[in-house]
Amino acid sequence: MSKTIIAGPCSAESREQLQQVAAELRKMPQVTMIRAGVWKPRTRPGAFEGLGEPALGWMRDISAETGMPFCCEVARPEHVELCLQYGLQCVWLGARTTTNPFMVEEICAALRGSGMQVLVKNPVCPDVRLWLGAIERLHNAGIESITAVHRGFSMYNTGGYRNAPLWEIALELRRELPDVPILCDPSHMGGSRSLVEPIALAAQQLDYDGLMVEVHPDPDAAMTDSNQQLTPAELVTLLDAYRDRPTPSADTLSNRLTPLRQQIDDIDHSMLSLLAQRMALSRQIAGIKREMNTPVYQSGRWADVMADRLRIAAELGLDADFTKEMLEKIHGESVRVQLDS
Ligand code: PEP
Ligand code: MN
C-alpha cells in the first residue's frame with residue numbers, strides 16, 4: 001500500500017516561503033499535502049505565534065496555482081471557522097489540544113457537518129485514552145476522515161529524542177482503532193535533522209501509513225523549530241530511503257517467522273510459570289515474616305536484589321532501564337501478594 005506523505009514548514013512565514021516550498025514539494029509525487037502552522041502553540045510567551053488569517057489567504061492562492069492542498073493546526077473554534085472560510089479541506093489537532101477534552105469538544109462542535117479531514121496528534125502526556133478520546137469525539141461529531149499522527153510524548157527522560165516515541169502507545173491505538181490510519185511525525189519526535197530519517201524508517205518497520213515531516217526552504221532561518229526542519233533536497237533523500245518495498249508472500253513470511261514465534265510462545269509460557277512460582281515463594285516468605293513479626297519490606301534486601309539482577313542483565317546484554325522497570329513491577333506485585341496473604 002502506498003504511503004501518505006504530508007510535508008511542509010513548521011510555520012507559514014510569508015507568501016514567498018510557501019510558494020517556494022510548494023514549488024519543490026509538487027515535484028515529489030509521494031507528497032500529497034502541504035502542512036504549515038498558522039497559529040503556533042508556544043510553551044513560553046514572547047515567541048513567534050504564527051501569522052493567522054493572512055497565511056490562510058496565501059495557502060488558498062498557492063493551492064489554486066499548484067493544485068497542492070494545504071493543512072494547518074486548529075486550536076479554537078474560530079480557527080476552524082477561518083479555515084473553512086478559506087477553503088481548507090484538512091486541519092490537525094496539535095498535541096496540546098488533544099490533551100484537553102474541553103478544547104477537543106469545542107473544536108468538534110465547529111467541525112460538525114464540515115466534511116473536513118482531521119489529523120489528530122497524540123497528546124503531550126503518554127496516555128492513549130486522551131488520544132482515543134479525541135478521535136472518538138471527532139467521530140461522534142460526524143467527521144469521517146480521521147488520521148492519527150504520532151509525534152512522541154513529553155517526559156523528563158526522553159532518551160535523546162525531543163519527544164519520547166513510546167511506540168507501544170501508538171501500537172495500542174492501532175489495536176483499539178484498526179481502521180484509523182496512523183502517520184509518524186519524525187520531526188517533532190526527533191527534534192533534530194539527523195534523527196528524522198532513522199525515526200521515519202523505524203515507523204516504516206512498524207507499518208505506519210505514512211509521515212508528516214517538517215520541510216523548510218531555509219531551515220536555519222526558520223522562525224520555529226529550525227533544528228528539525230529538512231530542506232526539500234533532504235526530503236528527496238528521505239523519501240528515497242522510505243520508498244515502498246516489495247512485500248514477501250504470506251507463505252514465505254510465515255515459513256520464516258513461525259518457528260521463531262513458536263520459540264517465543266514457549267519462552268513466554270515458561271516466564272509466566274516461573275513468575276507464578278516466584279509469587280508462591282513470596283507467599284511462603286510472608287507467612288514466615290508474620291510468624292517472626294518482621295516487616296514485609298526490607299530496603300537492604302531489595303537494593304541487593306536489584307544490584308545483582310542489573311549486573312546479570314548487563315552481562316546478558318539486556319537494557320538496564322528495561323530490567324529495572326520490569327524488576328520494580330515484579331517486586332511491587334510481590335509486596336502486594338505478601339500484604340494480601
Ligand atoms: C507542529 O506540528 O508544528 C506542532 C506544533 O506540533 P505538536 O502539536 O505535535 O507539538
Ligand atoms: Mn513544529
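Every number here is computed from the coordinates shown, using simple stated rules; none is lab data. What you are looking at is a predicted structure, and each value in this text was computed from that prediction instead of being measured. Methodologically, a virtual Cβ is constructed for each residue, glycine included, from the backbone with ideal geometry; neighbour enumeration extends over all protein chains shown.
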Inset, instruction - Determine whether Arg137 is within 30 Å of Gln20 (Cβ to Cβ) and assigned to a helix (DSSP H, G or I). - result: no
Inset, instruction - Would you point out the residue of segment 10-28, among those that are within 26 Å of Ala75 (Cβ to Cβ) and not in a helix (DSSP H, G or I), that is nearest to ligand 2 (Cβ to nearest atom)? - result: Cys10
Legend entry - Residue match in segment 63-71 (condition: within 12 Å of ligand 2 (Cβ to nearest atom) and within 19 Å of Val149 (Cβ to Cβ)): no
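For (1) away from ligand 1 (no atom under 16 Å from the Cβ); (2) under 26 Å from the mean Cα position of the chain (by Cα); (3) assigned to a helix (DSSP H, G or I); (4) not polar (S, T, N, Q), each residue gets a yes or a no:
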residue: Val213; (1), (2), (3), (4): no, yes, no, yes
residue: Asn227; (1), (2), (3), (4): no, yes, no, no
residue: Asp240; (1), (2), (3), (4): yes, yes, yes, yes
residue: Pro246; (1), (2), (3), (4): yes, yes, no, yes
residue: Arg256; (1), (2), (3), (4): yes, no, yes, yes
residue: Gln262; (1), (2), (3), (4): yes, no, yes, no
residue: Ser270; (1), (2), (3), (4): yes, no, yes, no
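Looking at the structure I just gave you, is Leu18 out of contact with any His (no Cβ under 6 Å at 6 or more places or on another chain), under 30 Å from Tyr242 (Cβ atoms) and either free of Cβ contacts under 8 Å to residues at least 60 places away in the same chain or surrounded by fewer than 20 Cβ atoms within 10 Å (Cβ to Cβ) (or both)?
Numbers: out of contact with any His (no Cβ under 6 Å at 6 or more places or on another chain): yes; under 30 Å from Tyr242 (Cβ atoms): yes; either free of Cβ contacts under 8 Å to residues at least 60 places away in the same chain or surrounded by fewer than 20 Cβ atoms within 10 Å (Cβ to Cβ) (or both): yes.
Yes: the conditions hold for Leu18.
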Inset, instruction - Starting from residues that are more than 38 Å from the chain's Cα centre (by Cα) and among the aliphatic types (A, V, I, L, M), keep the ones in segment 287-338 and report whichever is surrounded by the fewest Cβ atoms within 10 Å (Cβ to Cβ). - result: Met292
Inset, instruction - Among the numbered conditions (1) over 18 Å from Ile135 (Cβ atoms); (2) away from ligand 2 (no atom under 16 Å from the Cβ); (3) in contact (Cβ under 8 Å) with a residue 12 or more places away in the chain, tell me where Leu195 comes up short. - result: (2)
Inset, instruction - Could you grab the pairs with beta carbons closer than 9 Å, sequence gap of 6+ or different chains, first residue in segment 29-42 and in a loop (DSSP other than H, G, I, E, B), second one more than 9 Å from ligand 1 (Cβ to nearest atom) and hydroxyl-bearing (Ser, Thr, Tyr)? - result: Gln30/Ser2; Gln30/Thr4; Gln30/Tyr242
Inset, instruction - Return yes or no: is Thr158 of a type in the set (Ser, Thr, Tyr), part of a strand (DSSP E or B) and at negative phi? - result: no
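Give the residues of segment 72-87 that are buried (at least 24 other Cβ atoms within 10 Å of the Cβ) and either closer than 20 Å to Leu177 by Cα or away from ligand 1 (no atom under 13 Å from the Cβ) (or both), sorted by residue number. I'd like the intermediate steps shown before the answer.
First, pick out the residues of segment 72-87 that are buried (at least 24 other Cβ atoms within 10 Å of the Cβ): 72-74, 83.
Hit for segment 72-87 is Cys83, nothing else.
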